[in-house]
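Since the structure comes first, as structure tokens, the remarks are kept for the end.
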């Protein structure tokens, strides 16, 4: 506000101030010794032939350019990890302690106290599958949202494809989630995993949806967060109820029951790409590790209990359409990011 | 010789946001204060630089020198006009290199080198030379946030000069170093100049610019008001607009057109 009241200096039409010359003289006098004069080297100056055409020094190469600079990506991911565990005794272990504690808590509340495992056979795998992939998604999104702001010291001074920071956030999320995925696979094998072609296809489709959706949101929110830091809090708020918006602590059939009475609620629920992604991952891991007596077609049943629906009947169509939408979103995210990133340095 | 940098009618405008929170915005709206103000940092600037030219960039503080270098470097994009460059660009822009405060000097060296376009083997090959030139000794594995501003600048400069860039940008960053190091840096820049790289040198020290540069650009409130011979440019900058210097300025501009 103070700056508003300050008058702009009087300049002529070419921007020269009235007292420019005397100011320049004073400055030159004061700074005369700031840098020494070093004479040019003797000998002829070499002529340097630079191959290649004239190019834009700030191309908007997007994610494609990021992928061509894998060494830089590796360094930035390493830096993120080092920073995360700086001055910490347990270090990387923390990224396993938290999910383990969360799993324990949810299991205690939902399986033991609320008895949810009655309606879901093999409840632990059901919950763990959801938890792993929600974790992958939410870490991608929240890390990506903060990424540009956190790396502002680099963004302000150096030219690089800035999409590299949201992408690095995704790689960090993958780094944290990968051992959990291995644990999940191991667990499923122990309980009799028999993945068929359709399960593996569901897994691939689910991962593709989660990754493209997460990256798309990352790009949008990383840019929003530069302009308004509120967005990292908005994301944190959304993340706190994300676990409840996917079928992991309760059976999908409970949501499906809403379709008759509250169709709009059901439509919002299954319209969420994250829910669709998790449903597909459930198909891949949890559903395929149930014993033959527990599942049939699209339904599951607990020993002696009634058959309940495990997936939306239009899971595949929805999944494919949603993947396409996510790709469009990712493209739009890149376009938006490229459009506004030129203004990042002045807002950081 | 080939064009190295082509700047064509480039303008850059900054938006200064005065009120950041909703509360402040409401107060400002009630008092009828402006929410934001536009500020023209670079105004319709055009010039062409040949490969191997050494360009001095002078102007009062706030005349848009650093913004122009950021545009050439690619950190910022122009609002209007285009910039085209050929080859690898390295250099230091406005006080301090782009270092990550929590990382050690060694890690920043690798990160910075990679950002400037060096590959892993290239950085490893040049590692010792960079560390020697920077002369930071045992502080190499200390986080750079603990560095003195001189050490910070030395490491940044050392990385930038070892990139073997086709275009080298040097802002006033070296002003924080001690004198022997400044001499060493400028000697290195003369070497780079000798090897045919394009140089952009920003400084207020007239003698230093005269020794380093073949050509001078003078920016005034974002306008490129002089483009030509170094001595004439300094005269333009330092004397009142009487007839004599006015001509000098015009001559300079004609010189650039040819």
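Quick notes on this structure:
- Taking the criterion of being without any contact (Cβ under 8 Å) to a residue 40 or more places away in the chain and not in a helix (DSSP H, G or I), the residues of segment B:196-234 that qualify are B:205, B:225, B:226, B:228, B:229.
- Qualifying residue in segment B:103-115 (condition: farther than 30 Å from residue A:82 by Cα and at pLDDT 90 or above): no
- Hits in segment B:175-210 - residues which are crowded, with 19+ Cβ neighbours inside 10 Å, farther than 25 Å from residue B:114 by Cα and facing another protein chain (nearest Cβ under 7 Å): B:182, B:203, B:204, B:205, B:206, B:208
- Residue list for segment A:282-305, filter: assigned to a loop (DSSP other than H, G, I, E, B), free of Cβ contacts under 8 Å to residues at least 12 places away in the same chain and under 33 Å from the mean Cα position of the chain (by Cα): none
- Residue match in segment B:78-91 (condition: at pLDDT below 85, more than 8 Å from every other protein chain (Cβ to nearest Cβ), under 30 Å from residue A:45 (Cα atoms) and surrounded by 24 or more Cβ atoms within 10 Å (Cβ to Cβ)): yes
- Sole residue being crowded, with 23+ Cβ neighbours inside 10 Å, closer than 27 Å to residue A:150 by Cα and more than 9 Å from chain A (Cβ to nearest Cβ), chosen from B:38, B:65: B:65
- Residue in segment A:63-71 that is assigned to a loop (DSSP other than H, G, I, E, B), touching a residue at least 24 places away in the same chain (Cβ under 8 Å) and facing chain B (nearest Cβ under 8 Å) present: yes
- Segment A:15-57: number of residues that are more than 7 Å from chain B (Cβ to nearest Cβ), in a helix (DSSP H, G or I) and within 30 Å of residue B:178 (Cβ to Cβ): 3
- Residues in segment A:4-13 that are surrounded by 13 or more Cβ atoms within 10 Å (Cβ to Cβ) and either modelled with pLDDT of 70 or more or at positive phi (or both): 2 in all.
- Every test in (1) farther than 29 Å from residue A:165 by Cα; (2) in a helix (DSSP H, G or I); (3) without any contact (Cβ under 8 Å) to a residue 24 or more places away in the chain is passed by residue A:253 save one, and that test is (3).
- Only a single criterion out of (1) more than 7 Å from chain A (Cβ to nearest Cβ); (2) farther than 25 Å from residue A:52 by Cα is not satisfied by residue B:222, namely (1).
- Flag for residue B:131 being over 24 Å from residue B:110 (Cα atoms) and either in contact (Cβ under 8 Å) with a residue 40 or more places away in the chain or in contact with a helix residue (DSSP H, G or I) (Cβ under 8 Å, 6 or more places away or on another chain) (or both): no
Condition check ((1) more than 20 Å from residue A:203 (Cα to Cα); (2) in contact with a helix residue (DSSP H, G or I) (Cβ under 6 Å, 6 or more places away or on another chain)) across all residues:
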residue	(1), (2)
A:225	yes, yes
A:266	yes, yes
A:284	no, yes
A:299	no, no
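The values are calculated or read from the model by the stated rules, or taken from the named source; none is laboratory data. Just so we're clear, the structure is a prediction, and the values are computed from it rather than from any experiment. For neighbour counting, all protein chains shown are included, and Cβ atoms are generated from backbone atoms with ideal geometry for every residue, glycine included.
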